[in-house]
Amino acid sequence: MSSPDSATPTDARIDLHGSRWRLVGLLLLACGFTAVCLALLFLEPEDGPIVAPGSVEQFILIVGVGFFGLTLPLFLREVLRRGPVVSVSRHGLFDRRLSSDWIPWSAITDLDAVAVGRHHFLRIAVEPDHAAALPWTRRARVSARLNRMYGEGYWLSGQGVEGGIDAVLTAIEQVWHPDA
């Protein structure tokens, strides 16, 4: 496979960059929720703790600190990411969040736009024989196993991409010609 930045000028390559402001908003929201959970856990007014030790509420706050606290580095990494997040060319598809190199169109058997609640994804079904050899990240392989209840494949999120999943689909339509 070629290097992600070695596409020739004749390649019709479309680069989609990250949606920084949306990601900054999510980062701030995660910081806020983490801070609120920590404050409710550790602040003690004069009349005693806000939540009773050993209660369900305390457990929920601990889970909240863990969950929102763990999302902070992920959002921070995405906010600080330089260059394109998703690239589409005649060669294939390269989502830097899911893979370390291009996923060739020859390995992709199906693309489906999927909505789970208000979140939109592009489900990428790959040839089972090629799946193990493709440069998916560990995160992509784990999430593919977790997402099996919604359908097989790897899921490209529109979250964090300027223009969302519609921009990704438009880019694919412009460069991908399955008959070629």
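The values are calculated or read from the model by the stated rules, or taken from the named source; none is laboratory data. Bear in mind the structure is a predicted one, so any value in this text is a computation, not a measurement. Here the Cβ positions follow ideal geometry from the backbone for every residue, glycine too, while neighbour counts run over all protein chains shown. For accessibility, only protein heavy atoms count, side chains too; no ligands or nucleic acids. Shrake-Rupley method; radii C 1.70, N 1.55, O 1.52, S 1.80 Å.
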(message) Suppose we keep only residues that are among the basic types (Lys, Arg) and out of contact with any Leu (no Cβ under 8 Å at 6 or more places or on another chain) within the range 129-179. Which one would you say is least open to solvent (accessible area, probe 1.4 Å)?
(response) ARG141
(message) For a quick check of your reading of the model, give me the residue pairs whose first member lies in the range 72-88 and is over 18 Å from LEU16 (Cα atoms), whose second is acidic (Asp, Glu), with beta-carbon atoms closer than 6 Å and at least 6 apart or on different chains.
(response) none
(message) Could you go through the range 153-176 and let me know if any residue there is out of contact with any Phe, Trp or Tyr (no Cβ under 9 Å at 6 or more places or on another chain) and more than 20 Å from LEU16 (Cα to Cα).
(response) yes
(request) Select from the range 9-68 the residues that are without any contact (Cβ under 8 Å) to a residue 12 or more places away in the chain and open to solvent by less than 40 Å² (accessible area, probe 1.4 Å) and list them in ascending order. (result) GLY25, GLY32, ALA39, GLY48, VAL51, SER55, GLY66
(message) For the range 91-127: of the residues being in contact with a Ser or Thr (Cβ under 9 Å, 6 or more places away or on another chain) and more than 27 Å from VAL79 (Cα to Cα), which is surrounded by the fewest Cβ atoms within 10 Å (Cβ to Cβ)?
(response) GLU127
(request) Could you list all residues from the range 1-57 that are closer than 29 Å to GLY160 by Cβ, part of a loop (DSSP other than H, G, I, E, B) and modelled with pLDDT of 85 or more? (result) ARG13
(request) Look through the range 69-90, keep the residues that are surrounded by 13 or more Cβ atoms within 10 Å (Cβ to Cβ) and not in a helix (DSSP H, G or I), and return whichever of them is farthest from the chain's Cα centre (by Cα). (result) ARG90
(request) Give me the pairs, please: first residue somewhere in the range 96-111 and touching a residue at least 60 places away in the same chain (Cβ under 8 Å) and within 15 Å of ILE172 (Cα to Cα), second residue anywhere and basic (Lys, Arg) and open to solvent by 40 Å² or more (accessible area, probe 1.4 Å), beta-carbon distance under 9 Å, and either six or more positions apart or on two chains. (result) TRP105/ARG90
